[in-house]
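Working notes, structure below.
The values are calculated or read from the model by the stated rules, or taken from the named source; none is laboratory data. Fair warning: this is a prediction, and the values are worked out from it, not measured in the lab. Cβ coordinates were reconstructed from backbone atoms using ideal geometry, including for glycine residues, and neighbour counts include every protein chain displayed. Ligands, DNA and RNA are excluded from the accessible area calculation, which covers all protein heavy atoms including side chains. Shrake-Rupley method; radii C 1.70, N 1.55, O 1.52, S 1.80 Å.
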Amino acid sequence: MPLFIVRHQHSPEACPARDPAMGAMLLNHLSRPSAARHGVAIKGEAVVRGAHSLFFIAEAADEAVLQAFLTPFRQAGEVEVMPASTCAEVVASGGCDAHPTQVSTTSLDPADACQDAIEAGLVVHSAYPLNGETSVRDLAGGAVMPNGRFYLRNHFDIPKLDGESYRLSVGGMVERPLSLRMRDLHNLHAESLVVTLECAGNGRSLFDPAVPGEPWGLGAVSTAEWTGVPLIEVLERAGLRPGATELTFRGADGGLVDGHDTPIRFERGLSFDQIREAGALLAYEMNGEPLSSPHGYPLRLIVPGWYAVACVKWLTEIVVSDKPCEAYYQTEKYWYEWVRNGRDERAPVTLMNVRALIASPDRGESLPRGETAIRGVAWSGAGSICRVEVSLNGGPWHEARLLGERRPGAWQWWELITRLDRIGPLAVRARATDMSGRIQPERAEWNRMGYGNNSIHSVAARVI
Ligand SMILES: Nc1nc2c(c(=O)[nH]1)N[C@H]1C(S)=C(S)[C@@H](COP(=O)(O)O)O[C@H]1N2
Ligand SMILES: [Mo]
C-alpha cells in the first residue's frame with residue numbers, strides 16, 4: 001500500500017489538545033482501530049514539542065482515502081500530505097530522485113525483500129539484487145542458522161513462483177522426459193541433510209589488492225537442514241540415455257549481464273558423477289519450513305561440499321546432455337584466475353576450501369581476565385574437519401575441541417577453553433585441517449575475481 005507522511009499544524013490559540021474533550025476525540029480518531037475503519041494504517045505518530053505540529057506516517061490505498069480520514073485535523077488547522085517511500089525502497093530503486101521500482105507480478109518486491117533482510121539482522125551489501133550477509137557474531141549459535149539470518153546471494157530479481165502451477169521439467173538425453181509437480185516430489189522418498197552453503201566470494205573484501213564483485217566480509221556462509229528428494233532418484237526415473245554425462249540446472253531468474261545483449265537465465269552445470277558423489281538433493285524445505293522465495297521457493301538444488309553457486313534456486317529445468325554446460329555463470333564467472341610466474345592460469349570454482357571462523361570473541365570485544373571460551377565453526381568441501389587449532393597473541397597452536405556431530409558437508413563447532421591472564425590486546429587466530437589433509441594457508445592466493453578466500457581468520461580483541 002502507498003505510504004504517506006502527514007503534517008498537521010494549528011495555531012497556539014486553537015490548540016485542540018488543550019480542550020480535554022476535543023483532545024480525547026482526536027486521540028480516539030487517531031487510534032489504530034479507528035484508522036483501520038477508515039482504511040488507514042498508522043505506522044507511528046509524534047508531536048514536535050512546543051511547536052503545535054504533529055507528524056505521522058500512514059499507509060492508505062490512495063491519497064483520497066487518507067484525506068477523508070484527516071477531516072478533523074483540517075478543521076483544527078492545516079494539513080499537508082506527502083507521498084513517501086521506505087528507505088529500503090529508495091535504495092532498491094537507486095536513490096531519492098529515481099522512479100519507484102516497477103514491481104512485476106512475477107518477482108518479489110525488492111523493497112519488501114530488503115526490509116525483511118534488514119529486520120532479520122542481515123548486513124545488506126546491495127538492495128537490488130538483494131545481497132546480504134550474516135554477521136559473524138551470529139554464527140555463534142545453534143547447529144543451524146535461523147532462516148531469516150541465513151545469508152542471501154542473488155544475481156537478479158527474486159522470482160515469485162506459484163507452488164500450485166510449478167513444474168520441474170527433466171529433459172534432454174533421457175528415456176522418459178518428466179514434468180513434476182511439487183505434489184509429485186513430495187510423494188517421493190524424502191531425505192534431510194544438514195549442509196553448509198558458502199558463497200565463493202565470502203571474504204572477498206579482505207583480498208589485497210582489492211578485487212571487483214560483491215564486497216563480502218566473512219558472513220556469506222550459513223548452515224541449514226535441507227529436506228527434499230535425492231536428485232539421483234529423479235534422474236533414475238527419467239533414465240539417462242547412453243552417453244549422457246552432463247546436467248544443466250536452470251533457475252527461473254535471469255536478466256542482462258556484461259558482454260551479452262540478450263537476457264540470460266541463471267544456469268549451472270555438473271556432471272552426473274559429481275552429483276552422485278556429492279549426494280545432491282532437490283530441496284523444498286529449509287529448517288523444517290517450506291523454502292522462502294529469497295532462498296529458492298519452491299525448489300532448489302543443494303550440492304553438499306560445493307561452493308553454493310552450484311545450489312541453483314527456483315530450479316525449473318534439468319537438461320541432460322553429453323556436453324558440459326556452457327552457461328555464462330559456468331564459463332565466464334566462478335573461475336579462479338591467477339597470475340603465476342607471469343603466466344595466466346585458470347581453474348573452475350568447485351569444492352569449498354577448508355576454513356575456520358572465530359565467532360567469539362567478536363572483533364573489538366573486551367573479555368574479562370580469567371577463564372574464557374574461544375568458539376567458532378569450521379568446514380571444508382573435501383571432507384570433515386579433523387582439527388582446529390587456536391593461537392593467542394602469536395603463541396603456539398593449541399588444539400580446540402570439536403563439538404557436536406561430524407557431518408560431511410556441514411560445519412563443525414569447535415571450542416577452546418583457555419585462561420587469559422595478561423591485560424591488554426588479544427589477537428586470536430584459528431586454523432582448520434580437514435580429513436583429506438588440507439590445511440588453511442596463512443594467506444589465500446589472490447585471484448582476479450576474489451574467490452575462495454580461506455586465509456586464517458584473525459580477531460583483535462582485548463583483555464580487561
Ligand atoms: N537461480 C539462482 N540460483 C542461485 C543464485 C542465483 O542468483 N540464482 N545464486 C547462487 C549463489 S552465488 C549462492 S552463494 C547461493 C546463495 O544461496 P542463498 O541466497 O539461499 O544463501 O545461491 C546460488 N543459487
Ligand atoms: Mo555465491
How long is the gain from Ala140 to Arg32 if the chain were fully straight, where each residue apart is worth 0.36 nm and the alpha carbon distance is subtracted?
-> 35.0 nm
Spatially proximal aspartates and glutamates relative to Lys43 (Cα-Cα < 13 Å; intrachain offsets below 8 disregarded) | Glu59
Helix-only CD estimate at 222 nm, as mean residue ellipticity for the chain, using -39500 (n - 2.57) per DSSP H run (n ≥ 4) = -4000 deg cm²/dmol
With each label point set 7 Å from Cα along the Cα-Cβ vector, what nm distance links Glu236 and Arg422?
-> 6.0
Based on the Cβ-Cβ distance from Arg443 to Glu399, what FRET efficiency comes out when R0 is 25 Å, to the nearest 0.05?
-> 0.65
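Of Met1, Met82, Met182, which has the most accessible area with a 1.4 Å probe, and how do the rest follow in descending order?
Highest to lowest solvent-accessible surface, that is Met1, Met82, Met182.
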With a 10 Å radius around each residue's Cβ, average the other Cβ atoms per peptide and rank 255-262, 285-292, highest first.
-> 285-292, 255-262
Which of the lysines could a cross-linker bridge to Lys333, judged by Cα under 23 Å and excluding same-chain residues fewer than eight apart?
-> Lys313, Lys323
If you place +1 on the Cβ of every Lys and Arg and -1 on the Cβ of every Asp and Glu, how big does the dipole about the Cα centre of the chain come out, in debye to the nearest 20?
-> 1120
Enter the accessible area per residue of the stretch 259-401 (Å², integer; probe 1.4 Å; all protein chains in place).
-> 43
Expressed as an acute angle from 0 to 90° and rounded to the nearest 10, what is the orientation of the C-alpha long axis of helix 110-119 relative to the principal long axis of the chain?
-> 80
Normalising by the residue count of the chain, find the relative contact order in percent from Cα pairs under 8 Å and 6+ residues apart.
-> 12
FRET efficiency, Glu164 to Lys43 (Cβ-Cβ, R0 41 Å, nearest 0.05) = 0.80
